[in-house]
Amino acid sequence: MGFCQIPAFDPVTVAVFKSLMSVNGTATAYLGLGANLGDRLASLQGARQALALVPGIRVVFASALYETAPVGGPQGQEPYLNAVLQVATDLSATELLGCCLDIERQFGRRRLAYHGPRTLDIDLLFFADLVCQEKDLVLPHPRLHLRAFVLFPLCDLAPGLSHPLLHKTVRELRDQLPGGQDIKRLSQAW
């Protein structure tokens, strides 16, 4: 049985949580986007547009685009394009994840191999300050602190955002990454 909860309410956590939630209950969430099959840029642009059309989701900011080497999975994969979106949403975390999975399918995502190539990948990285350990939803994303392709674009948008379990900012997590993760910043506008 899973659980979803907000971490212990110390004054700093309460202040951060209030800054992430508006008066009407809108949550700030961060979505990691990636693609390494087909027209990668068109897939990321299309995903951003598709998310913006979903009632209850507003795309607030987009990071720069990054090109990264594949992490894990089958050999011989092409490089990924990656970015992070900040969204404001009235949806629950589960509903937002469901929308992301639907959009992935619309862009031809097929899950044939673990860490395999993909036309589009949308990961729910953070949802307000929610900590969740369920079968189909783990928040914050369980490997985001290990991935340059997530932390570099996330740092474009929210360098001071604190990981509620690791108690480090996105910038601190990025700066602590081990070397050897090939990442190249491309364009701010996409």
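The values are calculated or read from the model by the stated rules, or taken from the named source; none is laboratory data. Here the structure is a predicted model, which means the values were calculated and not measured. All Cβ positions, glycine included, derive from the backbone under ideal geometry; neighbour counts span all protein chains shown. Surface accessibility is based on the protein's heavy atoms, side chains included, excluding ligands, DNA and RNA. Shrake-Rupley method; radii C 1.70, N 1.55, O 1.52, S 1.80 Å.
Among the residues making up region 103-128, a single one is open to solvent by 30 Å² or more (accessible area, probe 1.4 Å), at positive phi and either at pLDDT 80 or above or not in a loop (DSSP other than H, G, I, E, B) (or both): Gly108. Looking at region 73-92, can you tell me whether even one residue there is more than 20 Å from Leu151 (Cα to Cα) and open to solvent by less than 10 Å² (accessible area, probe 1.4 Å)? Among the residues of region 73-92, at least one is more than 20 Å from Leu151 (Cα to Cα) and open to solvent by less than 10 Å² (accessible area, probe 1.4 Å), which makes the answer yes. Looking across region 138-157, the residues that are without any contact (Cβ under 8 Å) to a residue 40 or more places away in the chain and open to solvent by 30 Å² or more (accessible area, probe 1.4 Å) come down to Val138, Pro142, Arg143, His145, Leu146. Considering region 163-177, the residues that are at negative phi and in a loop (DSSP other than H, G, I, E, B) include one that is most open to solvent (accessible area, probe 1.4 Å), namely Gln176.
Kindly provide the set of residues from region 82-98 that are within 11 Å of Gly56 (Cα to Cα), in contact with a Ser or Thr (Cβ under 9 Å, 6 or more places away or on another chain) and either touching a residue at least 40 places away in the same chain (Cβ under 8 Å) or not in a helix (DSSP H, G or I) (or both), ordered by number. Break it down into steps so the answer makes sense when it comes.
We begin by selecting, within region 82-98, every residue within 11 Å of Gly56 (Cα to Cα); these are 87-92, 95-96.
Filter once more, so that each one left must be in contact with a Ser or Thr (Cβ under 9 Å, 6 or more places away or on another chain): 87-90, 95-96.
Passing the criteria: Val87, Ala88, Thr89, Asp90, Leu96.
For region 16-31, indicate whether the set of residues that are open to solvent by 60 Å² or more (accessible area, probe 1.4 Å) and at pLDDT 95 or above is non-empty. No - not one qualifying residue is present in region 16-31.
Only one of these is surrounded by fewer than 16 Cβ atoms within 10 Å (Cβ to Cβ) and in contact with a Ser or Thr (Cβ under 7 Å, 6 or more places away or on another chain): Gly180, Gly160. Name it. Result of the check over Gly180, Gly160: Gly160.
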